[in-house]
Structures are given as structure tokens and as C-alpha cells.
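Input: a single structure, listed below in C-alpha cells.
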Amino acid sequence: REDGRHVPAHVSRPPLTRLSRRFQTPLRRLNVKFILALMVFFVVSVVGIFFLHRWQVDRNAGSLFTRAREALDAGRKNEALELLSRYVGMRPEDTDAYAEFSKLLLERAASPGAVRRDISRAYATLEAAVRKDPENELIRQRLAQFQLAIRRPGDAREHLLFLKERRKLTDAMAAGRD
């Protein structure tokens, strides 16, 4: 103290609390085994969740296609269109489903109440269907007819020429067999 009087140590300092004692101890060592085990658990969990999700998506995709077929058979085209949209989003490699989806979109775009969004969606989907399955003449013919209907004859010409060449080749092959 500044006044010169001697005060015992236990009186001059406040007693250590439980919290302050804890912070006076040296740093503890990091439990490396625990951290490694935690990291391994985390990685295994993430990989497991990824594969579980993939399995569930595959399983659900099949049921979406089945439900879309049932809705189409029952005449509920809007519901079938929505279900097929979700299905081809999950399985874009299924060209038959994509062709069916594009056909439904084309029907919606040709309906009297079609809006610009329906027409552009049908056009984009038909283009994608032709890119996915360029050998499918029916889809290509639908796309060419749709392009003519929306006043895009230049684009339609390309597909019509392809179909014309294909038919010439098919006719020549058929004549060669006879």
C-alpha cells in the first residue's frame, strides 16, 4: 500500500474464485484422437447422406413417371405435365419421357389460352428433345411444324431438309432391298 502499512497477502488480494483458478492453469493439450474421430464421422456422414439422397431421388423419379402416366390416362394433362416436368428434371437422359413431355407442352402452347411463356417453354423443350435424340423423326417433325407456326421458317427449314434427306435415304435403302 502507498501509506506504508504492511497488509498480509491474503487480505490485499481478493480470494480466487473458481472461474479465475481455471484460467490460471496452463493451456490444455488438444485431444487429437477425438478431433480425428470427429472428422472421420463427419466425412462418413456426408458421404452416406449423399448416397441416401441419390437413392431416394431415383426411387421417387420412377413413381413420378408412373403417376404422370396415370394422370395422362385419366385426362388430367396439367397434372401429368407437372409430374413429367419434375421427372425429366431428375432423369434428363430418358428420351421417351422427354418426347412425351415436349408433346404435352406443344399441346398446351397450341391451345387457345396459351401465353407467351407456354410457347417459349414448348419451343425450348422441343429443341432440347431434338438435341437429346436427333434420330427421332417424329420429334423433329413436330419441332419443324411448330417453328413454322410461330413464324420461324429459317429454323424449320433446317429440320425439314434433314427429314427430307432421311426419307430419301430410307427410300433408297428400301428400293435396294427389293
Accessible area per residue in Å² at 1.4 Å probe, computed on the range 45-178: 65
Peptide ranges 139-150, 161-172 listed from the most packed, as the mean C-beta count within 10 angstrom indicates: 139-150, 161-172
Lysines whose Cα lies under 27 Å from that of K132, excluding same-chain neighbours fewer than 8 positions away: K77, K103, K164, K168
Accessible surface of the range 132-178, 1.4 Å probe, proportion on carbon and sulfur as whole %: 52
Residue order for S102, S45 - accessible surface, 1.4 angstrom probe, largest first: S45, S102
Full-stretch length increase - S120, R54 - with 0.36 nm per residue and alpha-carbon distance subtracted: 20.6 nm
Linear extension gain, L138 paired with R166, 0.36 nm per residue minus alpha-carbon span: 8.9 nm
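The values are calculated or read from the model by the stated rules, or taken from the named source; none is laboratory data. Keep in mind the model is a prediction, meaning the values are calculated, not measured. Note that we place each Cβ from the backbone using ideal geometry, even for glycine, and neighbour counts take in every protein chain shown. To get the accessible areas, we keep the full protein, side chains included, count just its heavy atoms, and leave off ligands, DNA and RNA. Shrake-Rupley method; radii C 1.70, N 1.55, O 1.52, S 1.80 Å.
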